[in-house]
Structure formats: C-alpha cells, structure tokens
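Readers should treat all values here as calculations from the given coordinates under stated rules, not as data from a laboratory. Computed from a predicted model, the values in this text were never measured in an experiment. Methodologically, a virtual Cβ is constructed for each residue, glycine included, from the backbone with ideal geometry; neighbour enumeration extends over all protein chains shown.
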Protein chains: 2
Amino acid sequence: MKLSRKSDYALRAVWHLTNLPTGKLSSISVIAEDQSVPREFLAKILKDLSRSGLLVSYQGVNGGYRLARAPRDISFLDVIEAIDGPIHLNLCTEDNCPCEDDNCYFCKFWETQENNFKKALSKQNFGKYKQRARK
Amino acid sequence: MKLSRKSDYALRAVWHLTNLPTGKLSSISVIAEDQSVPREFLAKILKDLSRSGLLVSYQGVNGGYRLARAPRDISFLDVIEAIDGPIHLNLCTEDNCPCEDDNCYFCKFWETQENNFKKALSKQNFGKYKQRARK
C-alpha cells in the first residue's frame, strides 16, 4: 500500500522544477543531484512526465526541463497517475473485482477510501511548494 | 498504491470465518473454495493470521480455523498489518525519509494521508460483515 519509488521521485522532480526562476530550465544531472535521484531512473521518469504533458523538454547543449503549466495547476494525482497509471486501492475498484454482490460492503469500503485518497491527491498541488525547495 | 493480493485474500478469509455458526471451524479447503483463493497461498495466510493472534487453529481430522475474538473486535487494519506489517504510504512516514526539513510540507501531507487511511481501516471491523458472506 505504498507509493512507488518512481512516483515519489517524480513528485520530487516536479517540486524541484516548481522552484526554478521563470523561464529557466533544469537538466537531468542538476535535478538528479538536487533531489538525490539516480540519473538513469530520473531520465525515464522525466520522459514519462513529458509524454503526459506535465513537463516540456528542450533538446541541445542548453536544453533541459520546465513545467508545462503553473505549479498550482499540477496536482499530486496528475504526477502519480502519469507515472503509475490510474490509482486502484484494491481489486474491488478495478474491472476484475471478484465480489458477486452489487451492494457489497467490501467494495463500497474500498471505493470510499479510493475516492477520499484521490480527492486529497488532486487537491494537493505544487502551488504550495513554491519557494519551499529543499536546500 | 494497492493492497497486496495476500492481504485482500486474508480479509476475505476472515470475512468467511466471521459467518461461521458459533463454535464451528472451517478448513483450508472450504475457505479456499468459498473465497476462490489458491489453497497453498491460503495456508500461508492462515498461518500468519494465527501467529498474529487473530485466528485459532485446531489440528487433526476435524481441525480447522475460527476467529480468536468477536468479529467486531477484528479490524481491517489488524488483518492487513498481520499480513504485510505496518502500513507506510510513502518513504516520508518511515525511518528512511530523505527530506531534510523538520517542517516539510511533503512529509506532513503523507503523514496526514496515512493517519486518515489507518483510522478508516481500524474503524472498519468485521462486525459489519456478519451474515453478509458471499453466496
């Protein structure tokens, strides 16, 4: 029941980019060092985040990454689902739920938990993380 | 961010035992068939639940399993932590949190989510599941 390491690193990478001066880019090497993330793993993460439209990447010697939109318009849910796909807290909230009862208590419990958790993740945006980067 | 299959099966096994008539036992084979859980995997799960004091096992031809206490005194949290150990939603709530700031927004967010989730799991007890076993 734990966030994947990949999603944790992705959140930290977006946090780093949140605190760049307007118009500036950051390279894989700089983000990797600042956030203590293995470089090769980070390269895959940044590719996923760019494909999902959360980052913009620029090629070349002076290339790098920046956020594709304002930090307040990027939520934790956006980042986590860009990396790991839709969140499902248990089988019951997926297509292959083995329960047979339409009014199943068990399914309702997991649906409620999942909805609450996703709501909290979608409310948590990076606007709050501006000027709070790690030293 | 998903419940392990092992914990899901454990919850279903306890659900099954919740609905036994008082004083009755259920065997691995019966639980496995009723809850569509692979028998060998279930044997390990029932051993873990017994070791944690949630079930009582009886050896012999007429042996089997029953709950060690009333269904209302067994929570989802009890079962999940008996199987997978303490719940940690992210690194920040474990001993190896990489954040350096004691007032870290990121850590506080994950701590809050984890506390809310554990509270919901501890409130969800099997008293509610009595007489609601799957057909």
request  = Select from region A:60-98 the residues that are part of a helix (DSSP H, G or I) and either among the basic types (K, R) or under 30 Å from B:E33 (Cα atoms) (or both) and list them in ascending order.
outcome  = A:R72, A:L91, A:C92, A:T93
note = Only one of (1) in contact with a helix residue (DSSP H, G or I) (Cβ under 6 Å, 6 or more places away or on another chain); (2) free of Cβ contacts under 8 Å to residues at least 24 places away in the same chain does not apply to A:C104, and that is (1)
ask   = Does region B:49-70 contain at least one residue that is under 25 Å from B:N116 (Cα atoms), surrounded by 17 or more Cβ atoms within 10 Å (Cβ to Cβ), touching a strand residue (DSSP E or B) at 6+ places or on another chain (Cβ under 9 Å) and not charged (D, E, K, R)?
value = yes
request  = Just name the residue that is nearest to B:L55 (Cα to Cα) out of those in region B:89-101 that are in contact with a helix residue (DSSP H, G or I) (Cβ under 7 Å, 6 or more places away or on another chain) and not β-branched (V, I, T).
outcome  = B:L89
ask   = Counting only residues that are touching a strand residue (DSSP E or B) at 6+ places or on another chain (Cβ under 6 Å) and among the polar types (S, T, N, Q), which one in region B:1-47 is surrounded by the fewest Cβ atoms within 10 Å (Cβ to Cβ)?
value = B:S27
inquiry  = For region A:88-98, which positions are within 7 Å of chain B (Cβ to nearest Cβ) and more than 19 Å from A:N116 (Cβ to Cβ)?
reply    = A:P98
key: Boolean, A:D8 is closer than 30 Å to B:N115 by Cβ, over 13 Å from the mean Cα position of the chain (by Cα) and either within 13 Å of chain B (Cβ to nearest Cβ) or in a helix (DSSP H, G or I) (or both)   = no
key: So A:K24, is it within 17 Å of A:I87 (Cβ to Cβ), in a loop (DSSP other than H, G, I, E, B) and either over 15 Å from the mean Cα position of the chain (by Cα) or within 10 Å of another protein chain (Cβ to nearest Cβ) (or both)   = no
inquiry  = Against the conditions (1) away from chain B (no Cβ under 14 Å); (2) outside any helix (DSSP H, G or I), where does A:V37 fall short? Just the number, please.
reply    = (1)
request  = Identify the residue in region A:99-135 that is part of a helix (DSSP H, G or I), surrounded by fewer than 19 Cβ atoms within 10 Å (Cβ to Cβ) and of a type in the set (A, V, I, L, M, F, W, C) and, among all such residues, is farthest from the other protein chains (Cβ to nearest Cβ).
outcome  = A:C107
